[in-house]
Each structure stands twice: as C-alpha cells, then as structure tokens.
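Asker: The following block contains the structure, expressed as structure tokens.
The values are calculated or read from the model by the stated rules, or taken from the named source; none is laboratory data. Since this is a predicted model, take the numbers as computed values, not measurements. Quick reminder, even Gly has a Cβ in these numbers, built from the backbone with ideal geometry, and neighbours come from all protein chains shown.
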Amino acid sequence: MTLELSTTAPARRSTRHTVDAALPSSEALEVVTPEVAIVGLGYVGLPTALAYFHAGRRVLGLDVSTARLETIRSGGADLLSTDRDRLETALKDPTFELTDDASRLAEASAVIISVPTPVDDHLVPDLAILQSACETVVANAMPGQLIILTSTTYVGCTQDLIVGPLEERGFVIGEDIFVAFSPERIDPGNGSVEHEDVPRVVGGATLLCEVHAARVLSWYVGKVHRVHSLAAAEMTKLLENTFRAVNIALANEFADICAALDIPVTEVIDAAATKPYGFMRFLPGPGVGGHCIPCDPHYLLWQLRRDRVNAPLITQAMNEIAERPGRIVDRARRVLSDAGTGVAGARVLVVGVAYKPDVADLRESPALEILELLGASGASVGYLDPLFPTVRLADGSVLESVADPAAFDPELVLVHTRHSALDLSWIGPDRAVLDASYRETSLPQRVLP
C-alpha cells in the first residue's frame, strides 16, 4: 500500500518520503507522490483543478459532459482572469489532463468529487448527479486512494454514498482506503481573495483519513482547519450558507420596513456597517441565485423534516427568499401604476439576468422568475445581458437580449444585475428605474423595491 502525505515542495516526478510525527506512530507508512483527480469541472471543480496544477501537482480532470470539456479546451470556460491565465498554461502542459473516461480515476491517488447538488422545483434535494458521481468513484476506487467529497449535501451523505459502498466492496476505511469531506469554498466571480488564501475545513472517516485529507488540501491552500468527523465538516458548510440566507432574508425584510417608513435602507445599512464589531453588512436584492444559498439550506431542512426536527427561523428565511422575486414584481406593478401606466402592455426591460455580476451563471437566478411573472401579468418584457444572448424560461419560451435598449423604449427599467461591462448611459431622467440590486445610486429617477 502507498500513501502520499508529503509536505515537501511539489514535484512533477514521483519521489519517496516518510510520514512525519504528526501521524500516530502505528500508522507510519512509506509514501509516494500521487496525482489528483477532480470529478466535475464546473464553477468549483475547474478552479480547484487549476489551483492544484498551479501548486505543481499532476491533475486529471474528469467530466461526463464532452461539451463542457470542449468548452474548457477551447478556453471558453467562465473564469476569473487569474484562472484563465492558469488554464492557458495548463492546457499546454501534459501534467494537466482532461477526460470523460471514468476508468482513469484508478490512476489517481487522491480523488476529489465536486459536482452540483441542486434542488428540484419543489425545493427538494436532487441527488441524482451526486449519486452518479459517487457510484463512479466507488466503482473505480483502488487501494491506497484518498476520496474527498466537496459537494454540499446533507449530514451523513459521505457515509451513505462513499463509506458504505466502499465497505460493501471489501475496503477497510482508514486502513486501505481513505475518505473525507471538505466543503468547497469558491465564490464564482469574486477575485478579491485567491483560492490559496481561503482556509479549507476537513473531516475524515477516521483519524488517518482526516490527516491524509488535510495534507492533500494543504498542497495548494495555506490553511486547513481539521474537525474530527465527517458530520461536523458537512454541517459546517450548511451553517455557512444558512447564515448567509438568514441575513439576506433579514436585509430584505428591513428593505420592506424602510420602504414603508420612507427611509432609504441603503443609508441605514451603510450607517450600521460603520460599527467595527457585532455587525456584518448584507444588502437586500431581488432574490438569491447560484448554487449555494438558494439550495444548500434546503438540504438541511429536508433532513430535519425527515427526522422531525423543527427549524422555524431557517424555514421562514428560505420562504422569504423564495417569495422575493414575486415581491419585486409587485413593486414593479406599483411603480407603473404610480406613473399612470398599468402593467398590461407596458414595456419592461430587465437589466442583467445572471445571478450575480460578471458571472455567466443562470442557476436559480431570480431574474428568470421575474421575467416569467411580468410576462404572465401582461407586460411586454425584454432583458439586457451581454453574457446571455438568449434565455429559456420555465414555460419553454426563449427570449433574446435586446440589441438596442433605447429602441426597446421601456416604460420601466428593472435593474437586476449590473455587470461591469454594462453601459447604462442610455437611461435618461425620463425613464422610470426600479433598482432591485440596491446598488445603482447614480441612475436618475431611481426607486427601490
């Protein structure tokens, strides 16, 4: 059996090292340098693969989508500028490989699973992608491998989908194969913090699993925080994003309260944020999109309902988040009514449909529901977003981004997402603007939801 626990400088060729005193003496093993396989090359998996490559590790990237692989190979993946530079270098290097051949996982000493964990239309966890990925990894698992799950899921998922199936195959966890959970911590579109500077949390199925996983993560990240169970690591991610969800819901509620009392909510938030302790700045918005906040807390609530555990605060926060796009549309109706125009037949232009600025990601974007609700109310809707030439709504209809927003001549401009490349100079003082982003203070005739 071989096991990589080296803390020496990265090397392209295999070198041999000895486990140091951080391990129990009974677990002292001779080790060799492995390669890392990343399963799932989306908004989290690809940057992770590039971080390992940048750290000098040999990387195998696996994705079942040949279209996604071709997008990556062509340099068309939506990445931060630093990651685009890394990808350009990696694609020219034979130590960075891309494949859809799952059998290649048997070559890797460390396998990291990073696939989406969405919810369905009823806000119930959809585990199909994760289950398929875990089945693939387990089927190709080899003695001596480390398997790390990073996808956000329910507490106990690593045990259910990886540990149990490996044991059914005859592996002894912590002796001849190693399993850990380390929640992903990548914020798409946020270049203010380097991947290497974001601490990673990790918990193992055994102590040796925990130690081994911490070392593999430390190959590229500066700090690893160890917890002493898979469940604690799984719950950590659920707490992180539930915390954000609850605070966003609170910010939205304060926006409604301030609107009723004719107080500018952004001024109140700015003032509160001057306190150097005990307050964290959250802004209201049109809703919540992406792969984390609108989905992850539902994995926790789903599990709690199954176990008959009540979580009223989290439940109410997630209900508020789900209802937020509808409230934005209600506010749009009132703005049009105040202007003497009913919503039926009114031209409404939604600016930005991505779930956050400068990220070509539509997952769970509130803009899609806003477009649908406005259309169902009789409005003539359009949108402007340079990252999405077309969007498909839930009813199957397809909209195209307007070529000339001034020619569209909207009676209401609803600002949802402001990309840095968006030119809004065409918005003059004669146009009503509903700023659902709460950020466009320079726009004329701006009103808040």
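Asker: Would you confirm whether or not segment 332-341 contains a residue that is more than 20 Å from residue 259 (Cβ to Cβ), surrounded by fewer than 22 Cβ atoms within 10 Å (Cβ to Cβ) and either polar (S, T, N, Q) or outside the structural domain of residue 437 (by TED's automatic domain parsing) (or both)?
Answerer: Yes.
Asker: Does segment 418-426 contain any residue that is touching a Phe, Trp or Tyr at 6+ places or on another chain (Cβ under 7 Å) and assigned by TED's automatic domain parsing to the domain that holds residue 283?
Answerer: Within segment 418-426, not a single residue is touching a Phe, Trp or Tyr at 6+ places or on another chain (Cβ under 7 Å) and assigned by TED's automatic domain parsing to the domain that holds residue 283.
Asker: Give segment 202-243 a look and list any residue that's of a type in the set (D, E, K, R), within 20 Å of the chain's Cα centre (by Cα) and surrounded by fewer than 18 Cβ atoms within 10 Å (Cβ to Cβ), or say none. It would help to see each step written out before you state the result.
Answerer: Keep residues of segment 202-243 that are of a type in the set (D, E, K, R), which gives 210, 215, 223, 226, 234, 237, 240.
Next, from what is left, pick out any that are within 20 Å of the chain's Cα centre (by Cα): 234, 237, 240.
Within segment 202-243, just 240 meets the criteria.
Asker: Now for a different question. Restricting attention to segment 165-191, and to residues there that are surrounded by fewer than 24 Cβ atoms within 10 Å (Cβ to Cβ) and of a type in the set (Val, Ile, Thr), which single residue is modelled with the lowest pLDDT?
Answerer: The residue in question is 186.
Asker: For segment 421-449, name all the residues that are among the polar types (S, T, N, Q), closer than 24 Å to residue 259 by Cα and surrounded by fewer than 19 Cβ atoms within 10 Å (Cβ to Cβ).
Answerer: 441, 442, 445
Asker: Let me ask another. Take residue 104 and decide whether it is in contact (Cβ under 8 Å) with a residue 60 or more places away in the chain, over 19 Å from the mean Cα position of the chain (by Cα) and part of a loop (DSSP other than H, G, I, E, B). Lay out the reasoning, then the answer.
Answerer: Values: in contact (Cβ under 8 Å) with a residue 60 or more places away in the chain: yes; over 19 Å from the mean Cα position of the chain (by Cα): yes; part of a loop (DSSP other than H, G, I, E, B): no.
Answer is no for this residue.
Asker: Report whether or not residue 162 is part of a helix (DSSP H, G or I) and either without any contact (Cβ under 8 Å) to a residue 40 or more places away in the chain or crowded, with 23+ Cβ neighbours inside 10 Å (or both). Before the answer, list the steps.
Answerer: Working: part of a helix (DSSP H, G or I): yes; either without any contact (Cβ under 8 Å) to a residue 40 or more places away in the chain or crowded, with 23+ Cβ neighbours inside 10 Å (or both): yes.
Here the answer is yes, as residue 162 does meet what is asked.
Asker: The conditions are (1) in a helix (DSSP H, G or I); (2) out of contact with any strand residue (DSSP E or B) (no Cβ under 9 Å at 6 or more places or on another chain); (3) buried (at least 23 other Cβ atoms within 10 Å of the Cβ), and residue 371 fails exactly one of them. Which is it?
Answerer: Tallying (1) in a helix (DSSP H, G or I); (2) out of contact with any strand residue (DSSP E or B) (no Cβ under 9 Å at 6 or more places or on another chain); (3) buried (at least 23 other Cβ atoms within 10 Å of the Cβ), residue 371 fails exactly one: (2).
Asker: In addition: When you look at residue 363, is it among the basic types (Lys, Arg) and assigned to a loop (DSSP other than H, G, I, E, B), yes or no?
Answerer: yes
Asker: Quick one: which residue in 286, 297 is assigned to a loop (DSSP other than H, G, I, E, B) and either closer than 29 Å to residue 83 by Cβ or among the basic types (Lys, Arg) (or both)?
Answerer: 286
Asker: For residue 382, which of the numbered conditions (1) over 17 Å from residue 447 (Cβ atoms); (2) at pLDDT 95 or above; (3) outside any strand (DSSP E or B) fails to hold?
Answerer: Of the numbered conditions (1) over 17 Å from residue 447 (Cβ atoms); (2) at pLDDT 95 or above; (3) outside any strand (DSSP E or B), the odd one out for residue 382 is (3).
Asker: Does residue 62 satisfy the condition of being free of Cβ contacts under 8 Å to residues at least 60 places away in the same chain, closer than 23 Å to residue 186 by Cα, crowded, with 21+ Cβ neighbours inside 10 Å and not acidic (Asp, Glu)?
Answerer: yes
Asker: Residues that are touching a His at 6+ places or on another chain (Cβ under 9 Å) and not assigned by TED's automatic domain parsing to the domain that holds residue 295, at least 3 per element: which strands (runs of 3 or more DSSP E) completely within segment 174-258 meet that? Give the steps one after another, and end with the answer.
Answerer: Values: elements: 178-181, 200-204, 224-227.
Strands (runs of 3 or more DSSP E) meeting the threshold: 200-204.
Asker: May I ask you to list the residues in segment 256-300 that are without any contact (Cβ under 8 Å) to a residue 60 or more places away in the chain and closer than 24 Å to residue 122 by Cβ? I'd like the intermediate steps shown before the answer.
Answerer: Restricting attention to segment 256-300, the residues satisfying the condition of being without any contact (Cβ under 8 Å) to a residue 60 or more places away in the chain are 257-258, 260-263, 267-282, 293, 297.
Once the filter is applied, which keeps residues that are without any contact (Cβ under 8 Å) to a residue 60 or more places away in the chain and closer than 24 Å to residue 122 by Cβ, segment 256-300 yields 293, 297.
Asker: Tell me, yes or no, whether segment 315-336 has at least one residue that is assigned to a loop (DSSP other than H, G, I, E, B), within 20 Å of the chain's Cα centre (by Cα) and over 30 Å from residue 411 (Cα atoms).
Answerer: No: zero hits.
Asker: Residue under question is residue 198, and the condition is that it be more than 20 Å from residue 83 (Cα to Cα) and touching a Lys or Arg at 6+ places or on another chain (Cβ under 9 Å); does it hold?
Answerer: no
Asker: Further, regarding this structure: May I ask you to list the residues in segment 65-88 that are more than 18 Å from residue 189 (Cβ to Cβ) and touching a residue at least 24 places away in the same chain (Cβ under 8 Å)?
Answerer: 65, 66, 68, 69, 73
Asker: From 157, 134, which residue is touching a residue at least 60 places away in the same chain (Cβ under 8 Å) and either touching a strand residue (DSSP E or B) at 6+ places or on another chain (Cβ under 8 Å) or within 20 Å of residue 363 (Cα to Cα) (or both)? Before the answer, list the steps.
Answerer: Numbers: 134 fails: touching a residue at least 60 places away in the same chain (Cβ under 8 Å).
Going through 157, 134 in turn, just one is touching a residue at least 60 places away in the same chain (Cβ under 8 Å) and either touching a strand residue (DSSP E or B) at 6+ places or on another chain (Cβ under 8 Å) or within 20 Å of residue 363 (Cα to Cα) (or both): 157.
Asker: Something else: How many residues, within segment 404-420, are assigned to a loop (DSSP other than H, G, I, E, B), surrounded by 10 or more Cβ atoms within 10 Å (Cβ to Cβ) and not hydroxyl-bearing (Ser, Thr, Tyr)? Let's see the steps before the verdict.
Answerer: To start, the set of residues in segment 404-420 that are assigned to a loop (DSSP other than H, G, I, E, B) comprises 404, 409-411, 416-420.
Still in the list and also surrounded by 10 or more Cβ atoms within 10 Å (Cβ to Cβ): 409-411, 416-419.
Within this subset, residues satisfying the condition of being not hydroxyl-bearing (Ser, Thr, Tyr) are 409-411, 416, 418-419.
Within segment 404-420, residues that are assigned to a loop (DSSP other than H, G, I, E, B), surrounded by 10 or more Cβ atoms within 10 Å (Cβ to Cβ) and not hydroxyl-bearing (Ser, Thr, Tyr) number 6.
Asker: Follow-up. How many residues does segment 267-283 hold that are part of a loop (DSSP other than H, G, I, E, B) and over 19 Å from the mean Cα position of the chain (by Cα)?
Answerer: Within segment 267-283, residues that are part of a loop (DSSP other than H, G, I, E, B) and over 19 Å from the mean Cα position of the chain (by Cα) number 9.
Asker: May I ask you to list the residues in segment 128-150 that are aliphatic (A, V, I, L, M) and surrounded by fewer than 19 Cβ atoms within 10 Å (Cβ to Cβ)? Please lay out each step first, then the result.
Answerer: Taking segment 128-150 first, the residues aliphatic (A, V, I, L, M) are 128-130, 133, 137-139, 141-142, 146-149.
Listed by number, the residues that qualify are 128, 129, 139, 142.
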